[in-house]
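Colleague: My questions all concern the structure below.
The values are calculated or read from the model by the stated rules, or taken from the named source; none is laboratory data. Fair warning: this is a prediction, and the values are worked out from it, not measured in the lab. We place every Cβ from the backbone using ideal geometry, glycine too, and count neighbours over all the protein chains shown. Only protein heavy atoms, including side chains, enter the accessible area calculation; ligands, DNA and RNA are left aside. Shrake-Rupley method; radii C 1.70, N 1.55, O 1.52, S 1.80 Å.
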Amino acid sequence: MLKKVAAILDELRLEEVEQALLMHGVKGLTVHKVRGRGAYFNSYSLDPLTAYILIEVFTAEHQAEKVARVIINAAHCNADGEGLVCITPVEDLFWIHTKKACRDSDFVFKEVSL
């Protein structure tokens, strides 16, 4: 089964997280700029929403927690409102270029020691 690891984190941590994922063999990721309000928000601003980054990684089930740990370790700076990471099951995923369903093996990466 495939899993999706999604992380919402501070924009300033993106480079460290991206480099850590690549260094640990993750083949691909998607990055979105998002805005939201969580544990931390700017109560002095007229717009209380804060800018964050959302990173999504599709991976084989047996590697999902390892991907989450890489993100957590790279994003952590011991500050309130650093973000969160979730792992969710993916029922169906398709490659557009082949029109075929993705397999777990399409998302297995060469693991590097954490």
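Colleague: How many residues are closer than 16 Å to D10 by Cβ and loosely packed, with under 14 Cβ neighbours inside 10 Å when one looks only at region 46-61? It would help to see each step written out before you state the result.
Modeller: Going residue by residue through region 46-61, those that are closer than 16 Å to D10 by Cβ are 49-55.
Next, only the ones that are loosely packed, with under 14 Cβ neighbours inside 10 Å stay: 49, 51.
So the answer is 2.
Colleague: Take the conditions open to solvent by less than 60 Å² (accessible area, probe 1.4 Å), closer than 26 Å to F107 by Cβ and of a type in the set (A, V, I, L, M) and apply them to V17. Does it pass? Before you say what the answer is, go through the steps one by one.
Modeller: Working: open to solvent by less than 60 Å² (accessible area, probe 1.4 Å): yes; closer than 26 Å to F107 by Cβ: yes; of a type in the set (A, V, I, L, M): yes.
Yes.
Colleague: Could you tell me which residue of region 22-39 is surrounded by the most Cβ atoms within 10 Å (Cβ to Cβ), considering only residues that are in contact with an Asp or Glu (Cβ under 9 Å, 6 or more places away or on another chain) and small (G, A, S)?
Modeller: Result: G25.
Colleague: Considering only region 68-104, state which residues are within 19 Å of the chain's Cα centre (by Cα) and among the small types (G, A, S).
Modeller: Matches in region 68-104: A68, A74, A75, A79, G81, G83.
Colleague: Restricting attention to region 11-33, which residues are over 19 Å from V67 (Cα atoms) and at pLDDT 95 or above?
Modeller: Passing the criteria: only K33.
Colleague: With region 29-100 as the region, which strands (runs of 3 or more DSSP E) entirely inside it contain at least 1 residues that are charged (D, E, K, R), on the phi < 0 side of the Ramachandran plot and in contact with a strand residue (DSSP E or B) (Cβ under 9 Å, 6 or more places away or on another chain)? Outline the logic, then answer.
Modeller: On the way: elements: 30-36, 50-60, 83-90.
The strands (runs of 3 or more DSSP E) meeting that bar are 30-36, 50-60.
Quick grid of which residues meet (1) under 21 Å from R13 (Cα atoms); (2) small (G, A, S); (3) open to solvent by less than 40 Å² (accessible area, probe 1.4 Å):
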| residue | (1), (2), (3) |
| --- | --- |
| Y44 | no, no, no |
| Q63 | no, no, yes |
| I72 | yes, no, no |
| H76 | yes, no, no |
| I87 | yes, no, no |
| D92 | no, no, no |
| T98 | no, no, no |
| R103 | no, no, no |
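Colleague: Got a number for residues in region 1-14 being open to solvent by 70 Å² or more (accessible area, probe 1.4 Å) and within 30 Å of W95 (Cα to Cα)? Steps first, answer last, please.
Modeller: Residues of region 1-14 that are open to solvent by 70 Å² or more (accessible area, probe 1.4 Å), as a first pass: 1, 11-12.
Restricting the remaining residues to those that are within 30 Å of W95 (Cα to Cα) gives 1, 11.
Residues that pass the stated criteria total 2.
Colleague: Pairs needed: first member in region 1-20, in contact (Cβ under 8 Å) with a residue 24 or more places away in the chain; second member anywhere, assigned to a strand (DSSP E or B) and open to solvent by less than 10 Å² (accessible area, probe 1.4 Å); C-beta distance under 6 Å; at least 6 residues apart or different chains.
Modeller: Every condition considered, the pairs that remain are K3/T59; V5/V57; A7/I55; L9/I53; E11/I53; L14/I53.
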